[in-house]
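Each remark here refers to the structure printed beneath this line.
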2 protein chains.
Amino acid sequence: MQGCTKTIMAQRTQCDSGSHGNRRNSMNISIIGLGLLGGSFALGLKAKGAAVSIIGVDSNTAHAAEALKRKLVDKIMPLEHAIAEADVVVLATPVNAILQLLPTVLDLLPPKAALMDFGSTKGQLCAVVETHPRRGQFVAMHPIAGTEYSGPEAAFATLLEGQTMIICEREKSDQAALARAEKLCHTLGMHLRYMPAAEHDLHFAYVSHLSHISSFALGLTVLDKEKNEKNIFDMAGSGFSSTVRLAKSSPQMWGPIFSQNRENVSEALAGYIAQLQQFKDAIDAQDEEQAKALMEKANDIRRILG
Amino acid sequence: MQGCTKTIMAQRTQCDSGSHGNRRNSMNISIIGLGLLGGSFALGLKAKGAAVSIIGVDSNTAHAAEALKRKLVDKIMPLEHAIAEADVVVLATPVNAILQLLPTVLDLLPPKAALMDFGSTKGQLCAVVETHPRRGQFVAMHPIAGTEYSGPEAAFATLLEGQTMIICEREKSDQAALARAEKLCHTLGMHLRYMPAAEHDLHFAYVSHLSHISSFALGLTVLDKEKNEKNIFDMAGSGFSSTVRLAKSSPQMWGPIFSQNRENVSEALAGYIAQLQQFKDAIDAQDEEQAKALMEKANDIRRILG
């Protein structure tokens, strides 16, 4: 860590007296997309006392104003200016916007700056800059943290603390960019994990994307049946709240995730529907032993989740 | 409440000097099935300082011993003795055992005693004692509380506090039995709701039974895919934990619930599978607008759950 810090400080000095031409004591971090993740990243760094100056960019002017009001960011700038001023750029928009922005931001990125993204998919995002001459300045990341809420008002300083940050295609990032990204994660108290992008997308289709669809579909099924029965929801237990919680999630965020991870998500959904059909068949056939056998197998999740 | 308390006190006096022939200052509550619900009911009453003496019955001798050790109950008795001594009998076993026990317990119940059940289904349970000459002594109940854990070690005093107790077929219970059951619920700080048994079973197929199957099936799907990948679960976010939590639930408890509520559960599952198929079709067709439209509709759950 000491070596890492020295490297970063050396880079900073070069950077301060170099491309930006003015001496600064803090690292400029430009966050594009001021929602739950981008906002929480900024708040977390400030809460840890990191010497950072946060520049915010958001195409939604109401979100930009709200982020400034809530002090998630120190100032708001247009995209090009924010990139020109940055030591680190963070793409924290929905993944469709990340896909569009990645090549453009790399084109505009100052030579010593690093670019990170926080997208929940990694395959298509890595592919779009695969052959970009500045690929090395990019670090493909996925913070495993979130809630069912979105927007700047959902951000809080401890969202990322103690959570996992997955880094994909580490070998394609320059040492300097990687070290800077890892240092910021360590400052936030995050654990780092590394994996290939394709493996990431397959696993997360199962342990995250499928959960969201299971919850959206549960919400739809129950709303469809109980449309005139607001009362019944007051009686629903904590089990229902727990399984349906993710149905509150943002369609603008999740639509593009399912699109980009289409093949894996479709395979996971097919498997899930087949398991549900097995339950239905057992119940319809009044085969309680078969239903119990399925549940006993599912109970193995105890061993794994504790 | 004052009137209700007086009635119960009057009954107690009759009861003490009547059928049992010995004067007691506390109400004898015999709980059959010393698991999460039965145990938490006992602990809750004791924590509220209720003058109750708890007699425990469990066909599982290890559970009976554990319940005694944890002071969920004051003593363990064989079923017939526990019923003979009772002012109130509570059936808190899985619903298949409740179905078998209900007529027998009513046959043996002292004339002034009340019988309550805590089953998650109500239709078949009410039907089996529909024409029993002592039907009036029975109060059909469903406490809307629980966790994914079971057994006496899962019980805790505050499980039922502030939660809802549903009472079905109120009109078929005698005033005295009903008043006694309601009084115990009020002592625990529970809210009372009343509904027909058929309505209860339909609603709970959607807001509870379906949630459990969605979670069991999610656990199976992910375990099936990730069988050699314990690591990936360390990386799963809180969303996955939330949706898969109920997959830890007891097959011995849930098997009989799905069997007794077979038609409603099957209909709910068919609806759920159809919703999932809609998502899959939209994703396969690369129709992101349709996927988003489904999610936006599901977001209505926000309005209802807050």
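Structure notes:
- Matching residues, the range A:167-189, being of a type in the set (V, I, T) and touching a residue at least 40 places away in the same chain (Cβ under 8 Å): A:T187
Per-residue answers, yes or no, for (1) in the same structural domain as A:H209 (by TED's automatic domain parsing); (2) in contact with a Pro (Cβ under 9 Å, 6 or more places away or on another chain); (3) at positive phi:
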{"site": "A:F118", "(1), (2), (3)": "no, yes, no"}
{"site": "A:T131", "(1), (2), (3)": "no, no, no"}
{"site": "A:G146", "(1), (2), (3)": "no, no, yes"}
{"site": "A:F156", "(1), (2), (3)": "no, no, no"}
{"site": "A:Q163", "(1), (2), (3)": "no, yes, no"}
{"site": "A:I167", "(1), (2), (3)": "no, no, no"}
{"site": "A:E171", "(1), (2), (3)": "no, no, no"}
{"site": "A:A179", "(1), (2), (3)": "no, no, no"}
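- Residue ID - farthest from the other protein chains (Cβ to nearest Cβ), chosen from residues in the range A:245-279 that are touching a residue at least 40 places away in the same chain (Cβ under 8 Å) and β-branched (V, I, T): A:I257
- Residue match in the range B:12-29 (condition: assigned by TED's automatic domain parsing to the domain that holds B:C185, acidic (D, E) and at pLDDT 95 or above): no
- Residues considered: A:S59, A:S40, A:S120. Of these, the only one that is within 19 Å of the chain's Cα centre (by Cα) and more than 24 Å from A:Q163 (Cα to Cα) is A:S59.
- Just one of the listed residues (B:Q260, B:Q275, B:Q252, B:Q286) is at positive phi and not assigned by TED's automatic domain parsing to the domain that holds B:S40, namely B:Q286.
- Members of the range A:75-100 that are more than 11 Å from A:S30 (Cβ to Cβ) and in contact with a Ser or Thr (Cβ under 7 Å, 6 or more places away or on another chain): A:V95
- Qualifying residue in the range A:299-306 (condition: touching a helix residue (DSSP H, G or I) at 6+ places or on another chain (Cβ under 7 Å) and more than 7 Å from every other protein chain (Cβ to nearest Cβ)): no
- Residue in the range B:280-293 that is farthest from the chain's Cα centre (by Cα), counting only those that are at the interface with another protein chain (Cβ under 7 Å from one of its Cβ atoms) and surrounded by 16 or more Cβ atoms within 10 Å (Cβ to Cβ): B:E288
- When B:S242 is tested against (1) within 23 Å of the chain's Cα centre (by Cα); (2) within 7 Å of chain A (Cβ to nearest Cβ); (3) buried (at least 18 other Cβ atoms within 10 Å of the Cβ); (4) over 30 Å from A:Y194 (Cβ atoms), just one condition goes unmet, and that condition is (4).
- Where B:D234 falls short, out of the listed (1) under 22 Å from A:E148 (Cα atoms); (2) at pLDDT below 95; (3) at the interface with chain A (Cβ under 7 Å from one of its Cβ atoms): (3)
- Within the range A:190-205, the set of residues being without any contact (Cβ under 8 Å) to a residue 12 or more places away in the chain and surrounded by 21 or more Cβ atoms within 10 Å (Cβ to Cβ) comprises A:H203 only.
- Hits in the range A:96-129 (condition: in contact with a strand residue (DSSP E or B) (Cβ under 7 Å, 6 or more places away or on another chain), part of a loop (DSSP other than H, G, I, E, B) and more than 22 Å from A:M195 (Cα to Cα)): A:L109, A:A113
- Selected residue (criterion: modelled with the highest pLDDT) from residues of the range B:202-230 that are in contact with a His (Cβ under 9 Å, 6 or more places away or on another chain) and not aromatic (F, W, Y): B:K225
- With a requirement of 2 or more residues that are within 24 Å of A:E296 (Cα to Cα), the helices (runs of 4 or more DSSP H) lying completely within the range B:251-306 that satisfy it span B:251-260, B:262-284.
- Single residue of B:L184, B:L218, B:L210 found to be crowded, with 18+ Cβ neighbours inside 10 Å, part of a helix (DSSP H, G or I), more than 15 Å from the chain's Cα centre (by Cα) and away from chain A (no Cβ under 13 Å): B:L184
- Scan of the range A:130-154 for residues that are part of a strand (DSSP E or B) and among the hydroxyl-bearing types (S, T, Y), ordered by number: none
- Qualifying residues in the range A:131-154 (those that are free of Cβ contacts under 8 Å to residues at least 40 places away in the same chain and either surrounded by fewer than 17 Cβ atoms within 10 Å (Cβ to Cβ) or out of contact with any strand residue (DSSP E or B) (no Cβ under 6 Å at 6 or more places or on another chain) (or both)) - the one nearest to A:L246 (Cα to Cα): A:R135
The values are calculated or read from the model by the stated rules, or taken from the named source; none is laboratory data. Not measured: the values here are computed from a predicted model. Backbone-built Cβ (ideal geometry, glycine too); neighbour counts: all protein chains shown.
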